Amino acid sequence: MSMSQDEMKQAVARAAIEHVPAGIIGVGTGSTANYFIDELAHIKGRIDGAVASSVATAERLKKHGIRVIDLNEAGEMEVYVDGADEITRHMAMIKGGGGALTREKIVAACAKKFVCIVDQTKLVDVLGKFPLPIEVIPMARSYVARQLVKLGGNPVLRAGFTTDNGNVILDVHGLNILDPVALETELNQIVGVVTNGLFARRGADVCLMGTPEGVQTLTR
Ligand SMILES: O=C(CO)[C@H](O)[C@H](O)COP(=O)(O)O
């Protein structure tokens with residue numbers, strides 16, 4: 001059976017509903033997360049509300065009549081559901097293609113379980129073919145870029161883009177990320193870096209992956 005990438009995204013979004021407990025849920029950003037929000041709308045009576053990882057997600061939740069809750073009011077959540085740009089079988093991810101990586105990492109940190117929803121094109125053996133997004137304080141842009149070159153990367157400023165936090169994104173090309181936990185830690189040490197798009201120290205707990213044969217569940 002042939003299935004488009006969008007159909008696979010929709011299928012995993014639907015499957016993720018089974019992981020939604022009563023209470024407050026954390027919601028990610030991007031096209032797959034958008035499909036998930038659309039599914040969440042069908043069961044909104046079962047939840048108290050959602051914490052959004054971006055302005056765009058908050059707007060979509062509200063449009064569906066789902067209550068948006070401030071993270072500081074929400075406390076610890078059971079589940080965070082989000083997409084990824086790349087994921088390994090060890091559940092390490094690159095995120096931030098949509099530029100929402102900082103709020104995504106914060107909301108994910110407040111959840112006991114990270115449910116990653118992807119289509120099969122996102123599964124990789126080694127992270128780094130997708131340029132690694134790094135959110136940077138604007139005045140530190142050139143300094144951070146020079147440090148990234150020293151690490152072997154080729155940083156490119158995401159032109160015309162400002163994050164929800166008022167910062168810029170450097171997309172780092174050419175990295176072959178063999179040790180995602182070590183690189184995530186190292187990138188966090190560069191002054192001016194707000195957040196890097198490696199989600200490895202706290203990776204996904206479950207990955208629902210859409211394939212033409214159906215949704216597969218990967219765990220650590
Ligand atoms: O990290 C993200 C946004 O910052 C997204 O999860 C990631 O870019 C995947 O997006 P999509 O579901 O549209 O393929």
**OP:** May I ask for the distance between the Cα centers of region 90-106 and region 113-160, given as a whole number of Å?
**Re:** 10
**OP:** List, in order, the whole-Hz ³J(HN,Hα) value for each residue of region 37-54 obtained from phi through the Karplus relation with A = 6.51, B = -1.76, C = 1.60 and θ = phi - 60°; use x for Gly and Pro.
**Re:** 4, 4, 6, 4, 4, 5, 10, 4, x, 8, 10, 7, x, 9, 9, 9, 9, 6
Original post:
Along the positive direction of the dipole of the chain (beta-carbon charges: Lys, Arg +1; Asp, Glu -1; about the Cα centre), which of Q10, I169, T29 reaches farthest?
Top reply: I169
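What size of dipole, in debye to the nearest 20, comes out for region 123-170 about its Cα centre when the only charges are +1 on Lys and Arg C-beta atoms and -1 on Asp and Glu C-beta atoms?
Numbers: 5 positive and 3 negative charges, 46 e Å.
For this selection, approximately 220 debye.
With +1 on each Lys and Arg Cβ and -1 on each Asp and Glu Cβ, how big is the dipole of the chain about its Cα centre, in debye rounded to the nearest 20? It would help to have the intermediate numbers written out before the result.
Values: 23 positive and 25 negative charges, 61 e Å.
The dipole of the chain has a size of about 300 debye.
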**OP:** Please list, or write none, the lysines whose alpha carbon is within less than 17 Å of the alpha carbon of K150, excluding same-chain residues fewer than 8 places away.
**Re:** none
Original post:
How large is ³J(HN,Hα), in whole Hz, for each residue of region 180-191 in order, when computed from phi with the Karplus curve 6.51 cos²θ - 1.76 cosθ + 1.60 and θ = phi - 60°, using x for Gly and Pro?
Top reply: x, 5, 5, 5, 4, 5, 5, 5, 5, 7, 6, 5
Original post:
So for region 31-120: antiparallel DSSP bridges make up what percent, rounded to the nearest 5?
Top reply: 25
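So, by mean Cβ neighbours within 10 angstrom, what's the order for 6-12, 73-79 with the highest one leading?
Values: 6-12: 20.4, 73-79: 14.9.
Descending mean neighbour count gives 6-12, 73-79.
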**OP:** Using just the helices of the chain, give the 222 nm mean residue ellipticity in deg cm²/dmol: DSSP H runs with n ≥ 4 each add -39,500 (n - 2.57), and the total is spread over all residues, rounded to 500.
**Re:** -8500 deg cm²/dmol
**OP:** In vacuum, with every alpha carbon of the chain counted as one equal point scatterer, what does the Debye formula give for log10 I(q)/I(0) at q = 0.10, 0.17 Å⁻¹? Two decimals, please.
**Re:** -0.42, -1.17
Original post:
Under 19 Å Cα-Cα from K44, which lysines qualify once same-chain neighbours fewer than 8 residues away are excluded?
Top reply: K62, K63
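Starting with the highest mean, order 150-158, 122-130 by the number of other Cβ atoms within 10 Å, averaged over the residues of each peptide.
Final packing ranking: 122-130, 150-158.
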Original post:
Can you work out ³J(HN,Hα) from phi for every residue in region 99-106, in order, using Karplus 6.51 cos²θ - 1.76 cosθ + 1.60 and θ = phi - 60°, giving whole Hz and x for Gly and Pro?
Top reply: x, 9, 4, 5, 5, 4, 5, 5
Original post:
Under 17 Å Cα-Cα from K129, which aspartates and glutamates qualify once same-chain neighbours fewer than 8 residues away are excluded?
Top reply: D85, E86, D119, D171, D179, E184
Original post:
From the square roots a ≥ b ≥ c of the eigenvalues of the alpha-carbon gyration tensor of region 132-196, which class results: rounded (a/c under 1.5), prolate (a/b over b/c), or oblate?
Top reply: prolate
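In the chain, what % of DSSP beta bridges are antiparallel (nearest 5)?
On the way: 23 of 41 bridges.
About 55 percent, rounded to the nearest 5.
Computed from the coordinates by the stated procedures, all read-outs in this text should not be read as laboratory data. The shown structure was predicted, so the numbers you read here are calculated from the model rather than taken from an experiment. Neighbour counts are summed over all protein chains in view; Cβ atoms, including those assigned to glycine, are modelled from backbone coordinates with ideal geometry.
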